[in-house]
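The values are calculated or read from the model by the stated rules, or taken from the named source; none is laboratory data. This is a predicted model, so every value here is computed, not measured. A quick note on method: Cβ atoms are made from the backbone with ideal geometry, for glycine too, and the neighbour counts reach across all protein chains shown.
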Amino acid sequence: MTGFFSNSRRPAAPDHSRAVLTTALVIGLVIRLAILWQTPGLVTKIVDEQQYSQIARSIAAGDGFAWHAGAPTSIRPPLYPAMLAAIWTAAGSENLQAVRVIQILLALATTALVYVLGARLYGPVVGRWAAAVCWLYPSFIFFNFLILTETLFTLLLVAFVLLTVLLVQTPRARLAVACGVVLGLAALTRSILWPLPLLLCPLLAMVIRAPLARRIALPCLVAIGYTLVVAPWAIRNTRLQGVPTVVDTMGGMNLRMGNYEYTPEDRMWDAVALTGEQSWVYGIDADLRGQQITEGRKEKWAQHKALAFIAAHPGLTLRRSFIKFADFWGLEREFMAGVQSGLYAPARWFEVLASAVIVLAYVAIVISGAAGMWLAGPDDWRMQLLVLLPVLLIMGGHTIVFGHSRYHLPLMPILGVYAAALWAKAPAYGLSHGVVRIGAAISVTALLAVWIRQVAVVDVARISSLLNHVG
């Protein structure tokens, strides 16, 4: 089936995918090793990096998941700081290069899983093209060298999607448990995924082709695997914070920052810097007078205030959601912004080349992936639902909270699979039904509108500054 409806197949064509993948693996490895050689002195520059490192130091020192001895926290999901602590215990305290080597290996593992996912959905040719895209994708290379969750979370997200596909294709109890366990690990890396079982398990019960008892039992095993991973951490957090807290305490706070009177409509995440009466936390002391204000109670207060604001201002919320959607799918400019703000100081030729390659690769993959989602979907419609479910949850969550282009990065391997499928099946997509072609056209047009808005309204000053700097 091409897209959602048709069943056309392209004629046989010469298969260069093996050579492409081999070449991509060599080039990607050489680039990473060259950057690794140049980054022994690169320290944590971003606030998120510094917070993950601070918590990891506390874990490695035996003080637990805390800012320091006697100051336990639930502000961040636990898995990434725990990984940092494990690496530093084995390789030496705060050895950032060791972390980067491990993240390169995780990226290689992600590439292997992308190949299997593409092969399972379409065949080995698409799998090899998609793996080549994943390994060479410029922003993945960049984030391999940052002390952030992207590399680990992308691996776990792809592994989870692959396991759901395998579970539906070959229903097995061990696959169901593994699916739940990996989803739990992904949720403990990025809390955006923790509600997913509420949608996934009913969907699995509907799409698994097996006797009724098995269709019920397998989703239950998924839920059990997930619960075994997440529940101990949720119990610890709830006891610590004095209110129900599943993964972290950032969710409600971020929701408040993206949904209150003074939320900036350009770079909504900058609400964290506002002070005084414009601060997102203004009024909490009066509202919670007499209570111990833990991180958890602060989050629940922020969540309540944000939801009340959303209910009272539906029109403004809708308009902001369009802006957040645009920010989420915005051009990848983190490297460019980091150079301009002085976080990184590469050679000038590298600044320009890397910035251009990052943006062009993103545009090419997202447009191809968005079109391929419609025009070259898997033959089995159930696979389409399973693959898109986490995409929609992550995109929808950030559209409600606040979007940042960094948050779409873990979805790029999935878009890469769709892009590879489109390239492999290009002669057939013209035979798709009109509604599918219209859907592809709308998706691509919306993305182009997002980028035009970003360049014309948001990034003119940033691009001008870069050109002046290079000149």
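The set of residues from the stretch 70-88 being loosely packed, with under 14 Cβ neighbours inside 10 Å and either touching a Gly at 6+ places or on another chain (Cβ under 8 Å) or modelled with pLDDT of 95 or more (or both) comprises just one member, Ala71. Would it be correct to say that Ser139 is out of contact with any His (no Cβ under 7 Å at 6 or more places or on another chain), of a type outside the set (A, V, I, L, M), in the same structural domain as Ile192 (by TED's automatic domain parsing) and without any contact (Cβ under 8 Å) to a residue 60 or more places away in the chain? Taking the combined requirement at face value, the residue does not satisfy it.
Condition (residue is under 28 Å from Arg239 (Cβ atoms), among the β-branched types (Val, Ile, Thr) and touching a residue at least 60 places away in the same chain (Cβ under 8 Å)) applied to the stretch 36-50: is it met by at least one residue? No: the stretch 36-50 contains no residue that is under 28 Å from Arg239 (Cβ atoms), among the β-branched types (Val, Ile, Thr) and touching a residue at least 60 places away in the same chain (Cβ under 8 Å). List the helices (runs of 4 or more DSSP H) inside the stretch 235-319, counting only whole elements, that have at least 2 residues being touching a residue at least 24 places away in the same chain (Cβ under 8 Å). So the answer is 250-257, 295-312. Just for the stretch 25-54: of the residues that are out of contact with any His (no Cβ under 9 Å at 6 or more places or on another chain), in a helix (DSSP H, G or I) and of a type in the set (S, T, N, Q), which one is farthest from Ala82 (Cα to Cα)? The qualifying residue farthest from Ala82 (Cα to Cα) is Gln38. Restricting attention to the stretch 126-137, which residues are in a helix (DSSP H, G or I) and either modelled with pLDDT under 95 or buried (at least 22 other Cβ atoms within 10 Å of the Cβ) (or both)? Result: Val126, Gly127, Arg128, Trp129, Ala130, Ala131, Ala132, Val133, Cys134, Trp135.
Residues that are in the same structural domain as Arg239 (by TED's automatic domain parsing) and within 30 Å of Ala66 (Cα to Cα) do not occur anywhere in the stretch 274-294. Does at least one position in the stretch 374-392 carry a residue that is closer than 19 Å to Glu332 by Cα, of a type in the set (Val, Ile, Thr) and touching a residue at least 40 places away in the same chain (Cβ under 8 Å)? No, the stretch 374-392 contains no residue that is closer than 19 Å to Glu332 by Cα, of a type in the set (Val, Ile, Thr) and touching a residue at least 40 places away in the same chain (Cβ under 8 Å). Restricting attention to the stretch 271-284, does a residue exist that is under 22 Å from the mean Cα position of the chain (by Cα) and at pLDDT below 95? For the stretch 271-284, residues under 22 Å from the mean Cα position of the chain (by Cα) and at pLDDT below 95: present. The residues of the stretch 57-94 that are closer than 21 Å to Arg297 by Cα and not in a loop (DSSP other than H, G, I, E, B), listed by number, are Ala66, Pro72.
Going by what's in this entry, would Gly180 be described as touching a Ser or Thr at 6+ places or on another chain (Cβ under 9 Å), crowded, with 21+ Cβ neighbours inside 10 Å and over 19 Å from Val26 (Cα atoms)? Spelling it out, Gly180 is indeed touching a Ser or Thr at 6+ places or on another chain (Cβ under 9 Å), crowded, with 21+ Cβ neighbours inside 10 Å and over 19 Å from Val26 (Cα atoms). Would you confirm whether or not the stretch 321-344 contains a residue that is surrounded by fewer than 17 Cβ atoms within 10 Å (Cβ to Cβ), of a type in the set (Phe, Trp, Tyr) and within 19 Å of Ala446 (Cα to Cα)? Yes, because at least one residue in the stretch 321-344 is surrounded by fewer than 17 Cβ atoms within 10 Å (Cβ to Cβ), of a type in the set (Phe, Trp, Tyr) and within 19 Å of Ala446 (Cα to Cα). Among the residues making up the stretch 170-217, those that are touching a Lys or Arg at 6+ places or on another chain (Cβ under 7 Å) and touching a residue at least 24 places away in the same chain (Cβ under 8 Å) are Pro171, Val207, Ile208.
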